[in-house]
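Novice: The structure that follows is given in the form of structure tokens.
The values are calculated or read from the model by the stated rules, or taken from the named source; none is laboratory data. The structure displayed is predicted, hence computed values, not measured ones. Don't worry about glycine lacking a Cβ; one is built from the backbone with ideal geometry, like all the others, and counts go over all protein chains shown.
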Amino acid sequence: MKIEILVSKSIKKSFFVFFIFVIPFISDAQRRPNSIISPEVLSDNSVIFRVKASNAADVKVVGTWNRRFKPDAMAKKDSVWEVKVGPLPSDMYEYDIVIDGIPLLDPLNKNATRDGGYIQSRLMVPGGLGDLIDVKSVPHGDLKAVWYDSPTIGTSQRRMFIYTPPGYDKSGKKYPVMYLLHGGGGDEEVWVSRGRANYIIDNLIASGKAEPMIVVITNGDVNNVGAVLDRTAFENKKDNTGIGAMAAGLFEKSLVKDIIPYIEGNYRVIADANHRALTGFSMGGFQTQNITNSNPSMFKYIGVMSMGLFSSARNDGSYNKEKHIAQLKELQKNNPKVYWIGMGTDDFLYKSGIELRKLYDEIGFKYIYRENIGNHDWNSWRLYLTEFAPMCFK
């Protein structure tokens with residue numbers, strides 16, 4: 001959920017990084033062509049990180065390949081700091097170079113991704129899962145940013161991304177739709193920038209593992225109409241990270257009343273429950289539960305990523321177990337074809353997942369459970385998408 005991260009802190013961090021880090025390194029010409037490579041992926045999937053920092057006293061790299069986020073200390077050779085890590089499993093990772101305690105982007109790596117307040121360098125390791133995440137020479141779908149009316153939330157238009165599969169414009173066919181939700185502190189860009197959803201779906205379709213589908217990537221932040229660069233620059237700053245916004249239920253109503261009608265009125269879709277899927281992680285997993293519990297006949301494919309019983313995660317005194325069970329029994333009557341739950345072993349919401357499955361087992365609610373060795377992070381969520389999407393629309 002990352003509910004502690006504020007957009008304002010992200011902006012302050014960006015200015016801090018620029019003045020403290022970028023300007024001193026301009027004199028070292030780090031961004032000009034030179035012989036220093038970072039990251040360098042070796043044939044055995046070991047990776048060497050390098051950075052030129054002549055006056056630094058301590059340099060480390062911290063990446064998501066380490067579940068505990070333990071830093072890898074770099075050693076100085078003349079003016080260049082270096083460390084070799086791995087071999088690493090094939091995947092996509094995010095990392096920071098930490099110079100004298102300050103986390104920074106790798107100045108030699110042009111690849112950076114964003115998730116809310118997190119802006120980090122990207123590392124791609126080939127040969128397995130990384131190949132499903134990477135851009136491959138396969139037919140590509142189109143990705144379009146769309147503005148739509150959302151009277152359920154407010155008077156302003158809101159922004160989302162629509163992925164249409166390869167050949168959509170010429171096929172004349174109707175397609176199933178997956179609605180893909182993000183976590184707290186994020187926006188409609190995170191499943192594109194860090195989640196790589198469009199390329200994952202491209203590769204799954206090309207390999208025959210997933211059905212051609214439309215994917216709707218929404219903005220679940222009810223306090224802001226879109227991503228940071230796609231909202232009015234001088235409006236009052238709004239906090240999109242708090243539990244209040246997350247638990248308000250407005251986005252859930254908007255998806256049903258505003259988003260789905262827009263999609264089904266403007267795209268060639270098969271507009272029934274058998275051809276609708278809904279999934280999301282963290283806050284999006286909570287919203288997925290709320291939407292499907294309140295609309296039990298709307299979706300036949302449901303995926304809950306990194307979220308369990310919300311009340312057990314926040315000690316919610318307003319939780320009504322009897323009401324929840326009644327909703328689940330209605331959902332049960334509508335017989336979802338897939339109800340999938342994914343959770344990492346080191347996820348801070350792991351116990352909430354145990355409580356959710358305990359409740360489901362108590363009433364005989366059928367689900368598929370997938371547990372991976374991992375955290376509450378993108379290494380889990382990208383993996384989950386590669387596994388959930390092929391289950392849909394079969």
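Novice: Answer with yes or no whether Val62 is under 16 Å from Ile102 (Cβ atoms), within 29 Å of the chain's Cα centre (by Cα) and surrounded by 15 or more Cβ atoms within 10 Å (Cβ to Cβ).
Specialist: Spelling it out, Val62 is indeed under 16 Å from Ile102 (Cβ atoms), within 29 Å of the chain's Cα centre (by Cα) and surrounded by 15 or more Cβ atoms within 10 Å (Cβ to Cβ).
Novice: Out of the strands (runs of 3 or more DSSP E) lying entirely within region 50-89, which hold 2 or more residues that are within 30 Å of Leu132 (Cβ to Cβ)?
Specialist: Passing ranges, in order: 59-63, 80-85.
Novice: A further question on this structure: Suppose we keep only residues that are at pLDDT 95 or above and among the basic types (Lys, Arg) within region 94-137. Which one would you say is farthest from Lys84 (Cα to Cα)?
Specialist: That would be Lys136.
Novice: When region 228-270 is examined, which residues are found to be part of a loop (DSSP other than H, G, I, E, B) and either touching a strand residue (DSSP E or B) at 6+ places or on another chain (Cβ under 7 Å) or at pLDDT 95 or above (or both)?
Specialist: Within region 228-270, Tyr267, Arg268, Ile270 qualify.
Residue by residue, here is whether (1) touching a strand residue (DSSP E or B) at 6+ places or on another chain (Cβ under 6 Å); (2) of a type in the set (D, E, K, R); (3) at negative phi holds:
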{"position": "Lys333", "(1), (2), (3)": "no, yes, yes"}
{"position": "Trp340", "(1), (2), (3)": "yes, no, yes"}
{"position": "Phe348", "(1), (2), (3)": "no, no, yes"}
{"position": "Lys351", "(1), (2), (3)": "no, yes, yes"}
{"position": "Tyr360", "(1), (2), (3)": "no, no, yes"}
{"position": "Gly364", "(1), (2), (3)": "no, no, no"}
{"position": "Tyr367", "(1), (2), (3)": "yes, no, yes"}
{"position": "Asn375", "(1), (2), (3)": "yes, no, yes"}
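Novice: Might you check whether a residue that is within 16 Å of Glu211 (Cβ to Cβ), among the small types (Gly, Ala, Ser) and modelled with pLDDT of 95 or more occurs anywhere in region 282-299?
Specialist: No: zero hits.
Novice: Follow-up question, since we're still on this one. Report, by residue number, each residue of region 351-372 that is surrounded by 21 or more Cβ atoms within 10 Å (Cβ to Cβ) and outside any helix (DSSP H, G or I).
Specialist: Of everything in region 351-372, nothing turns out to be surrounded by 21 or more Cβ atoms within 10 Å (Cβ to Cβ) and outside any helix (DSSP H, G or I).
Novice: Quick one: Leu204 ticks every box in (1) in a helix (DSSP H, G or I); (2) under 17 Å from the mean Cα position of the chain (by Cα) except a single one, so which number is it?
Specialist: Status for Leu204: all satisfied but (2).
Novice: Okay, moving on. Here are Asn375, Asn320, Asn293: which of them is surrounded by 18 or more Cβ atoms within 10 Å (Cβ to Cβ) and of a type in the set (S, T, N, Q)?
Specialist: Asn375
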